[in-house]
Structures are given as C-alpha cells and as structure tokens.
Amino acid sequence: MAIPGRRARSRQRLSRSGEFERVYRRGDSHSNRFMVLYSFPREQQGEDSRLGISAGRKLGGAVERNRVKRVLREAYQEVAEELPPAHDYVLVARPELRKLVEAEGTPGAVACLREVIRDSGLTRNT
C-alpha cells in the first residue's frame, strides 16, 4: 500500500535489464580504477534521475556485493545534486572498490565518485 505524499522509490531506480542495456549501449561512460559511471539523458526532462548499480561476482560473495551496492547508493545520494537531472545512471563496481569500501567506507566511495564526475565534466551545468 502506498503512503500518501511519498514517492515510490522504485521509480528512482533502474531495475529491468532493458533499462540497463539502453544506458550501456547509448550512454556515455566515465571511469577510474574503482568504478565506471554510465550516463544517458532521458527525454522527459522534468523527472528525477534514476540509478542502477552493477556489482559482479569478482567483488566477492553476496554479502560483500550487497555492502558495496549499499555504499554506492549512499555515495550517489551525497553527489546527486551535482549531477544533471533527468538522466539514467549506472554505476559498475570494479573489484578494487571492495577494498576501498573496507578501508574508507562511504567517504571513500563519495570521493571516488566525485573524481569520476569531475574528470568526465558531467556536472549540473552541462
């Protein structure tokens, strides 16, 4: 049952493989040694951006992958205001990210994501 006045979280996430494929094939990619950020502008400019996260088995078992995904969601929430609106984003975690998350936690992932955004020129101004 939906709570009045609250927006469904599923609208702000990519969940179907076709949505991921569209971002991979038609979007731009920017990376560093810890992650890859794919971005694809959507036609409906008034809507919020959506995020998808991919964490492969090279990161470790399910517990480790879920921890990395949780940290990436938290990092994205901290930098979301810096990114252009009405985009679909996919974050792909590379195996080195697990070590960074274990050592530095969310602040390390935020710094890493900001580095990718800065190097790509992908800011709210563009």
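Derivation of every value follows stated rules applied to the coordinates shown; laboratory data play no part. Here the structure is a predicted model, which is why all the values come from computation and not from measurement. All Cβ positions, even for glycine, are placed from backbone atoms using ideal geometry, and neighbour counts span all protein chains on display.
Structure above, values below:
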| item | result |
| --- | --- |
| Single unsatisfied condition, PRO41 versus (1) over 12 Å from the mean Cα position of the chain (by Cα); (2) without any contact (Cβ under 8 Å) to a residue 40 or more places away in the chain | (2) |
| In segment 81-126, the residues that are surrounded by 19 or more Cβ atoms within 10 Å (Cβ to Cβ) and of a type in the set (Ser, Thr, Tyr) | TYR89 |
